[in-house]
Amino acid sequence: KISRQVTFSKRRTGLIKKAHEISVLCDAEVALIVFSNKGKLFEYSSDSRMERILDKYHTYSHTELQNDIDQGKASLEYPKLMARIEILQRSLRNFAGEELDPLSLRELQNLEQQIDVALKRIRSRKTQLIHDSISEMQRKERDLQEQNNMLVNKLKEKETTMARHEQWEQQ
């Protein structure tokens, strides 16, 4: 029994790693949900918003459901889809920090890891936006400095011209 748990843990970790690799290498959106034989939930999302992937899946599965209805198979798929929806809604609530009491330590650690990954992506994007903003401000500063220098030169030319004109009138 313990060896099965160890195998499950290793395989689950490998599966999550592969899901991450697929998302990075193929620029694919990946959502992974795994239940242990004891009913514990493990999940991974390549997107910082699992909800977006789940919405996309829901839209796709709704289309598939419509096809099944046309073929008279909906009554068999409906309970499965409702179960999936419940699982996904529970996952969303967990990501929102709700209903954490039933989660095991391992599940909480997994959730924390996923949130850490999302925070890193958010911080990276924020840093990039700040750098872009700084670069844009520096460019504007250079443009304004050039305009200022040009205006200073024009002012000096005007002053020189006026001084010459005054000298000419005095003579």
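Descriptive notes on the structure:
- From the options Arg93, Arg84, Arg12, residue that is in contact with a strand residue (DSSP E or B) (Cβ under 7 Å, 6 or more places away or on another chain), at pLDDT 80 or above and surrounded by 11 or more Cβ atoms within 10 Å (Cβ to Cβ): Arg12
- Condition met for Leu119 (closer than 17 Å to Ser45 by Cβ, of a type in the set (A, V, I, L, M) and in contact with a Leu (Cβ under 8 Å, 6 or more places away or on another chain)): no
- Of the residues screened, Gln128 is one that is closer than 26 Å to Ser45 by Cβ and surrounded by 10 or more Cβ atoms within 10 Å (Cβ to Cβ).
- Positions within the stretch 91-106 being over 18 Å from Leu54 (Cβ atoms) and part of a helix (DSSP H, G or I), in sequence order: Leu105, Arg106
- Among the candidates Leu105, Leu100, the residue that is aliphatic (A, V, I, L, M), out of contact with any strand residue (DSSP E or B) (no Cβ under 6 Å at 6 or more places or on another chain), exposed (fewer than 10 other Cβ atoms within 10 Å of the Cβ) and without any contact (Cβ under 8 Å) to a residue 24 or more places away in the chain is uniquely Leu105.
- One residue from Ser45, Ser36 being in contact (Cβ under 8 Å) with a residue 60 or more places away in the chain and among the polar types (S, T, N, Q): Ser45
For (1) more than 40 Å from the chain's Cα centre (by Cα); (2) at pLDDT 95 or above; (3) not hydrophobic (A, V, I, L, M, F, W, C), each residue gets a yes or a no:
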{"residue": "Arg121", "(1), (2), (3)": "no, no, yes"}
{"residue": "Thr127", "(1), (2), (3)": "no, yes, yes"}
{"residue": "Asp132", "(1), (2), (3)": "no, yes, yes"}
{"residue": "Glu141", "(1), (2), (3)": "no, yes, yes"}
{"residue": "Glu146", "(1), (2), (3)": "no, yes, yes"}
{"residue": "Asn149", "(1), (2), (3)": "yes, yes, yes"}
{"residue": "Asn153", "(1), (2), (3)": "yes, yes, yes"}
{"residue": "Glu166", "(1), (2), (3)": "yes, no, yes"}
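- Some residue of the stretch 38-52 being assigned to a helix (DSSP H, G or I) and either modelled with pLDDT under 80 or surrounded by 14 or more Cβ atoms within 10 Å (Cβ to Cβ) (or both): yes
The values are calculated or read from the model by the stated rules, or taken from the named source; none is laboratory data. Every value quoted in this text rests on a predicted model; they were computed, and no experiment measured them. Backbone-built Cβ (ideal geometry, glycine too); neighbour counts: all protein chains shown.
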